[in-house]
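The values are calculated or read from the model by the stated rules, or taken from the named source; none is laboratory data. What you see is a predicted model; the values in this text were computed from it and never measured. FYI the Cβ positions are ideal-geometry reconstructions off the backbone, even for glycines, and counts take in every protein chain you see. The area values use the complete protein model at the heavy-atom level, side chains included, leaving out ligands, DNA and RNA. Shrake-Rupley method; radii C 1.70, N 1.55, O 1.52, S 1.80 Å.
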Amino acid sequence: MSLKKHPDYREELKRLEDTIEYVINAISAAEENRRRLRADTREAYVDLDPLDSSLSYVRIMTNAKFLDMLEKNYDGLIRSRKKPYFSRIDFRSDGAAEPEKLYIGKMSLSRAEDDFPLIVDWRSPIASVYYDGRLGHVAYNTPAGIQGGELQMKRQYTINNGNLENILDVDITTTDTFLQAALGENKDNRLKDIVSTIQAEQNEIIRADIGSPLIVQGAAGSGKTTIALHRIAYLIYTYEETFDPDNFLIIAPNSLFLNYISEVLPELGVEKVRQSTFIDLAYELSGTSYKLASPDEKLIKLISHSRQADSNELELLRRISEFKGSLEFKGMMDRYVASLEQAFIPNQNFNLEEHTIFTADEIKKMFLTDFSYLPLYKRIPEIKKALSNKLKRDRASIIKEVEDYYDKQIERLRDTMKPSEERRAQAVALMDARDGKVESLKRTAKTAVAKYLSLLPRQDVMHYYRELAVNPENFTEFYRGVPDSVFVSCLCKHNLALLSKKTIEYEDLTALMYLKYKVFAFDKNMDIKYMIIDEAQDFSLFQIYALKEIFDTELFTILGDLAQGIHSYRGITDWKEVVQRVFKRGNCRYLTLEQSYRTTIEIMNAANEIIKMSGLQGLVPAKPVVRHGEKPGIYRLTAKDKMLDALEERLKLLKSSRYNTIAVICKTTEECGRVKKLLDKRGRLSAKQLSPDDISYEGGTVIVPSYLAKGLEFDAVIICAFEDDYLLEELDLKLLYVAMTRALHSLDIICTDKNMALLEQMAEGLMVDVVKE
Ligand SMILES: Nc1ncnc2c1ncn2[C@@H]1O[C@H](COP(=O)(O)OP(=O)(O)OP(=O)(O)O)[C@@H](O)[C@H]1O
């Protein structure tokens, strides 16, 4: 139906114009308020009385608070001016006579005079029925309990720049045209919000109860990253009183990815949420200055297996990663820290000369019991305080005791000797001895505490880690169970080789962060209350455990896809382990997303076939939303020149069509370099090569290794396998799956017959042989 023929067109147009007018007036009022508050603040500064500044100070602080609130609202108003809402629901609450017409947008706005809701925030409880509810009787959660009612209408609007472009009524038979349109669009270089098309299964995750750690296993393109960001916006809105935005921390795989997601939260009106890569966070918290061996080095070695002669070395590297990511290693560290704790206080009393102020056992008790809630080094100031206080108290009585002792001697002298030169000399000697002793006690008291504390260890985190990680005896002492001595010896040598060069590997970061927390405490308090880990399939159990421990919270949203677990050698192969071993028993919630929104049916079907080939248990194939495109094309060629011709031709075609973002994905960085060099040599097409150091992708054509493309998406993808082989092995299949599922609309593979031999195993008809030579 054309827009103007819609029966409610006039009414809706008027509603939109009225709302926009109200928004514009609200913007002007906010600007006026801002001017007034700023002028008042300037005045308050002028009036600031150096002797009694309390009134002006309160004025300045209050203004700052109002300004802050105003700015937050102001940004939302500016955004709403162009598109105040995207949908409407007509909802009649149980018991009410009439339905309410509620217009849902990215913020809430009520008319000042009568509190009439002009826009209802998408995060408000009632808006949930827009995402969840079919027409008819529905229910939604409110803080006061479940509210039922009748959803009489669901209407969607296309509004651009304040213009009403479409109205669509959603009934039981309508497929989600809005969603189809959103998915069919080309993407630029940043992820976008999806408030108007959130699906019911996604809504459940966004609004899931805050109290339980939430684990989401979601297929490639199922919206995990997007939903994680919407969940944060929802939680901040719903628990405004409990959380500040900077209590949330998002951990993402790399800076490129952080840049890619950087627009979603501001677009949802949320600022100041903390974001970091695990590497940056671990460096900041552990304070180590050791260099990180390239974080992907191990993966690259494993990927390049076909050219690696020594498979034993690869197996060892795999085992080392697995061990360092395990909770067994964490347990070993706990026992190691416990041994440091036991040996921390020397077997020496704290004395003031010959007087014992505290016995060694008493100090040990304080250290091991009274202050046991603190990390070891944080207990030193407490011990210092205790020693100083007791010394201060005892010093006076000790001195008094000494003085009394000598005074008694002198008195006895007087009682037992007649006045004489001899008696006088002895008395003077006693007096001198007394004064000397008192003086000495006073002097010793000044340095006694420092002297005692100097007996305590003073090391840094690297010292302890080194001590633990390079000595095989530690594995006998602290490892529970019988360690494999050959493995332990190789592991210690591996660690020694790294640490001697003042280098660490990715897996050491968790251990260092954990050790720093247990032994020293962190230098700064980040006050993180809620953690969101994206691409969590690449984490180890120890990594998640350590984050939970050090931030002292079970409030987690963990999202990942085991089918994309190219770092699974680090640990997580099954979410059950996280559910059962990391969090409190029975506390975790586990949800899955099977629907994939990114790519076409044709591309998803081909990619699913790759996962089937892996034979990995428990991986559910993704279900694409109904959106068709061309079947992926394969170019099987033998001559390098011809492969390059095909690549150039395909790129030219894709560039001339509507695609904004195109990726040439290779298995390794080396292969990326080769392709880039060949393209540059011909000089007909330019493409930037992305590396792990890149912090942003600005669109256009890029050449990128598969492991770095994880999490990103492109309108068109060309997978190039010029020299690298993809074998029928778990890691290669996962890398290929990741590469294939990055494509939104178009996918091609350019390869030799040999290096993509695994494609022979695919079911017929899923891909098109464009060229076969
Ligand atoms: N409900 C939705 N409406 C519109 N677009 C959606 C919806 N859900 C997801 N998408 C789109 O699907 C694409 C994939 O989303 P996202 O990157 O969040 O998925 P993912 O599960 O994190 O993917 P991967 O694991 O493959 O990296 C994005 O373009 C996103 O905008």
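The sole residue among LEU547, LEU496 that is under 20 Å from PHE323 (Cβ atoms), open to solvent by less than 30 Å² (accessible area, probe 1.4 Å) and of a type in the set (A, V, I, L, M) is LEU547. What residue, among those in the stretch 750-770 that are open to solvent by 10 Å² or more (accessible area, probe 1.4 Å) and assigned to a strand (DSSP E or B), is nearest to the ligand (Cβ to nearest atom)? Checking each candidate, the answer is VAL768. Among residues of the stretch 425-453 that are without any contact (Cβ under 8 Å) to a residue 24 or more places away in the chain, those with a Cβ under 8 angstrom from a residue that is among the charged types (D, E, K, R), sequence gap 6+ or separate chain, pair up as ALA427/ARG414.
ARG480 satisfies every condition listed in (1) at pLDDT below 95; (2) of a type in the set (D, E, K, R); (3) under 28 Å from GLY287 (Cα atoms) except (3). Put simply, of GLU729, GLU773 the only residue that is touching a His at 6+ places or on another chain (Cβ under 9 Å), of a type outside the set (A, V, I, L, M, F, W, C) and surrounded by fewer than 18 Cβ atoms within 10 Å (Cβ to Cβ) is GLU729. Residues that are buried (at least 20 other Cβ atoms within 10 Å of the Cβ) and within 16 Å of the ligand (Cβ to nearest atom) within the stretch 691-711 comprise TYR697, VAL704, PRO705, SER706, TYR707, LEU708, ALA709, LYS710, GLY711, listed in sequence order. A residue that is at pLDDT 90 or above, buried (at least 20 other Cβ atoms within 10 Å of the Cβ), more than 13 Å from the ligand (Cβ to nearest atom) and in a loop (DSSP other than H, G, I, E, B) can be found somewhere in the stretch 121-138.
Those strands (runs of 3 or more DSSP E) of the stretch 145-238 in which 2 or more residues are of a type outside the set (A, V, I, L, M, F, W, C), more than 13 Å from the ligand (Cβ to nearest atom) and within 21 Å of GLU267 (Cβ to Cβ) occupy 145-160, 163-170. Every condition in (1) within 16 Å of the ligand (Cβ to nearest atom); (2) at pLDDT 95 or above is met by LEU249 except one, and the failing one is (1). When LEU541 is tested against (1) more than 16 Å from the ligand (Cβ to nearest atom); (2) touching a Lys or Arg at 6+ places or on another chain (Cβ under 9 Å); (3) under 20 Å from ILE210 (Cα atoms), exactly one condition is not met: (3). In the stretch 193-203, the condition of being hydroxyl-bearing (Ser, Thr, Tyr) and open to solvent by 20 Å² or more (accessible area, probe 1.4 Å) is met by at least one residue. Within the stretch 82-109, being exposed (fewer than 14 other Cβ atoms within 10 Å of the Cβ) and within 22 Å of LEU13 (Cβ to Cβ) holds for one residue alone: LYS82.
Kindly indicate whether any position in the stretch 343-352 is touching a residue at least 24 places away in the same chain (Cβ under 8 Å), open to solvent by less than 20 Å² (accessible area, probe 1.4 Å), assigned to a helix (DSSP H, G or I) and not charged (D, E, K, R). Yes: one or more hits.
A Cβ distance below 9 Å, combined with a sequence gap of six or more or placement on separate chains, defines the contacts here; from the stretch 736-749, residues that are buried (at least 24 other Cβ atoms within 10 Å of the Cβ) reach residues that are acidic (Asp, Glu) and assigned to a strand (DSSP E or B) in the pairs ALA743/ASP715; LEU744/ASP715; HIS745/ASP715; SER746/ASP715. Taken over the stretch 731-749, the residue count meeting the criterion of being within 12 Å of the ligand (Cβ to nearest atom) and touching a strand residue (DSSP E or B) at 6+ places or on another chain (Cβ under 8 Å) is 7. Which residues, counting only those in the stretch 142-153, are touching a residue at least 24 places away in the same chain (Cβ under 8 Å) and open to solvent by 50 Å² or more (accessible area, probe 1.4 Å)? Matches in the stretch 142-153: GLN147, GLU150, GLN152. Pick out the one residue from SER306, SER294, SER321 that is of a type in the set (Gly, Ala, Ser), open to solvent by 20 Å² or more (accessible area, probe 1.4 Å), part of a helix (DSSP H, G or I) and modelled with pLDDT under 95. Answer to the selection: SER306.
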